[in-house]
1. Which condition from (1) in the same structural domain as L22 (by TED's automatic domain parsing); (2) among the aromatic types (F, W, Y); (3) closer than 24 Å to L309 by Cβ is the one that F86 breaks?
2. Have a look at F92, F107 and point out the one that is at pLDDT 95 or above, part of a loop (DSSP other than H, G, I, E, B) and within 30 Å of G74 (Cβ to Cβ).
3. Looking only at region 195-216, count how many residues are outside any strand (DSSP E or B) and crowded, with 17+ Cβ neighbours inside 10 Å.
4. Let me spell it out: the conditions are (1) surrounded by fewer than 23 Cβ atoms within 10 Å (Cβ to Cβ); (2) touching a helix residue (DSSP H, G or I) at 6+ places or on another chain (Cβ under 7 Å); (3) farther than 30 Å from S220 by Cα, and T177 meets all of them except one. Which number is the exception?
5. For D146, which of the numbered conditions (1) in a strand (DSSP E or B); (2) under 22 Å from Q36 (Cβ atoms); (3) free of Cβ contacts under 8 Å to residues at least 60 places away in the same chain fails to hold?
6. Mind checking which residues of region 293-308 are assigned to a helix (DSSP H, G or I) and either assigned by TED's automatic domain parsing to the domain that holds C375 or under 9 Å from the mean Cα position of the chain (by Cα) (or both)?
7. Output the residues belonging to region 40-56 that are buried (at least 16 other Cβ atoms within 10 Å of the Cβ) and of a type outside the set (A, V, I, L, M).
8. So, of the residues in region 266-280 that are modelled with pLDDT under 95 and of a type in the set (A, V, I, L, M, F, W, C), which turns out to be nearest to R169 (Cα to Cα)?
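The values are calculated or read from the model by the stated rules, or taken from the named source; none is laboratory data. The shown structure was predicted, so the numbers you read here are calculated from the model rather than taken from an experiment. No Cβ is skipped: glycine too gets one built from the backbone with ideal geometry, and neighbour counts run over all protein chains shown.
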Amino acid sequence: MKTEVDVLIIGAGPAGSTAAALLQKQGMRLLVVEKQVFPRFVIGESLLPHCMDLLSEAGLLEAVEARGFMHKCGAKFLRGTENCNFDFSDQFTEGWKHTFQVPRADFDKTLADAVAERGVEIVYGQSVTAIEFDKSGAMVTIDSPDIITRTISARFVLDCSGYGRVLPRLLDLEKPTTFPAREALFTHVTGDRRPPDREGGKIWACIHPAGAWVWIIPFSDGRTSVGVVATAEFFRDFPGEPSVQLHSILMADPNVAARLGDMKFVFPPQRISGYACAIKQLYGQHYALAGNATEFLDPIFSSGVTLALASANRAAKVVARQLNGEKVDWQVEYADHVMQGINTFRAYVTAWYDKTLPDIIFSAQANPAIMRQICSVLAGYVWDTANPYVMQADRALPLLAKIVRSKMQRELL
């Protein structure tokens, strides 16, 4: 069986749904192929305010708002007796002042269902297993569990497969990441003693006394996502099966223990490892990669969904122009733009783990203007090049940390 479409989208997650919504507005013939069956569990549950801009542009924000997700108005970082409380109402870039904390099973299905209601075909439980390109597009082979093979003729293929990384695997586009290997151990809990009012919706990132960090993400249904990110060596210092191990780690951090001392696990803790990934190129003549099919850095700044939505938004626009006969420059219009966001977040992730960023944000000498600029990055506005902590993050952060540390040393003398 052969089907002809303008764009085949691999993956029905946030990137795939966003791209489909935008391309459907352009009158494109679409097919979305999703390997799993929704709803399905995945982490990456804390959105950033820039997501609201992107969801709105795709016409998906109303569907998300109707779900009653927990409002997130900022992020709180804790290290021992120190804390730094960012509020999205006080940031450098003009933009949204809040976003949502979302159980991804619900969030992703909400987006996909909204797209399907507009007439976009989404097939679940089917996998792209082969692809061949010629001068006119691609021939894509799709298999399903009942061994029915389907061939799709597509003018363009957009890979939004996330961790599945379909085209990087099929086309040998993967390359080693420069980030050290880390693991995440996580679950959902009940019994979270949340702060009152506006503070209750903020994500917490707690630096563990033994060298890891812990996320705490509250949901509107009373559950809370909790996870620990660390090296394999860190986890070996907390022996036991995953439930015992995770409980021991969480209770060893006074800030976490004070909030989650009464917690009960909703499901047995799960583990992912070696999640950071990289690729050789973002596009080819008849394909492009978006979302986590490109690069995934680290969960610390909740950048995954923002980068997924932003890259899908930009890819859909360039694809539509190309298929409508316009001349496009994928390097300038797409790859350079996407890498701007990835590289900004990369600078912050690096600064988090080498203690540059913690030293800055926990400093009593923190400059309010600089903190607003950093807050805008944490809100996902990593394409605002008027912000010096976007445009020159890899140089500005170490320089600021050096100044902060010098002041601290002088005060100790």
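1. (1)
2. On the way: F107 fails: part of a loop (DSSP other than H, G, I, E, B).
Result of the check over F92, F107: F92.
3. Restricting attention to region 195-216, the residues satisfying the condition of being outside any strand (DSSP E or B) are 195-202, 208-212.
Then keep just the ones that are crowded, with 17+ Cβ neighbours inside 10 Å; that gives 201-202, 208, 212.
The number of residues fulfilling the criteria is 4.
4. Of (1) surrounded by fewer than 23 Cβ atoms within 10 Å (Cβ to Cβ); (2) touching a helix residue (DSSP H, G or I) at 6+ places or on another chain (Cβ under 7 Å); (3) farther than 30 Å from S220 by Cα, only one is false for T177: (2).
5. Here D146 clears every test but (1).
6. To start, the set of residues in region 293-308 that are assigned to a helix (DSSP H, G or I) comprises 293, 304-308.
Within region 293-308, G304, V305, T306, L307, A308 qualify.
7. Initial filter on region 40-56 (buried (at least 16 other Cβ atoms within 10 Å of the Cβ)): 42-55.
Scanning region 40-56 gives G44, E45, S46, P49, H50, C51, D53.
8. Taking region 266-280 first, the residues modelled with pLDDT under 95 are 272-280.
Okay, now just the ones that are also of a type in the set (A, V, I, L, M, F, W, C), so 272, 276-279.
Details: I272: 19, A276: 15, C277: 12, A278: 12, I279: 10 Å.
This residue is I279.
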